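Worksheet for the structure shown next.
Derivation of every value follows stated rules applied to the coordinates shown; laboratory data play no part. The structure presented is a predicted model; accordingly, all values stated were derived computationally and were not measured. In this analysis, Cβ positions are derived from the backbone assuming ideal geometry, glycine residues included, and neighbour counts consider all displayed protein chains.
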Amino acid sequence: MKCIKGNYIRNDYLCCSCGNGAISTEDNSKTCQECPQKYGANSDNTECIKCPLGTYSPSKGSGCFSCKGG
């Protein structure tokens with residue numbers, strides 16, 4: 001089974017996405033690495049990128065969220 005980067009292998013047969021706050025940089029990864037606070041994953045989950053203006057990341061691995069006005 002081939003699980004491309006940006007995903008990880010779970011239970012030796014499921015290929016799952018790392019999600020917004022984590023990445024994998026190699027094919028067939030067994031785990032994902034959490035992005036640091038103030039960073040989220042790019043659209044392919046292969047690189048941590050700084051949260052764009054108007055968003056924030058409250059903790060490591062949480063991903064970026066829109067700021068609410070008020």
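Quick look at the numbers
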read-out: Partnerless cysteines, meaning none of the other Cys C-beta atoms lie under 4.7 Å away, in the chain; value: Cys16, Cys67
read-out: Modelled FRET efficiency - R0 25 Å, Ser66 with Asp44, Cβ distances, 0.05 increments; value: 0.75
read-out: Cleavage-rule hits (trypsin sites (Lys or Arg not before Pro)) in the chain: DSSP loop, at most 16 neighbouring Cβ within 10 angstrom; value: Lys2, Lys30, Lys38, Lys60, Lys68
read-out: Whole-Å semi-axes of the chain's equivalent ellipsoid (Cα gyration tensor); value: 26, 10, 9
read-out: Number of Lys pairs (Cα under 30 Å; 8 or more positions apart or on different chains) in the chain; value: 16
read-out: Gap separating the Cα centres of the stretch 1-17 and the stretch 29-58, nearest whole Å; value: 19
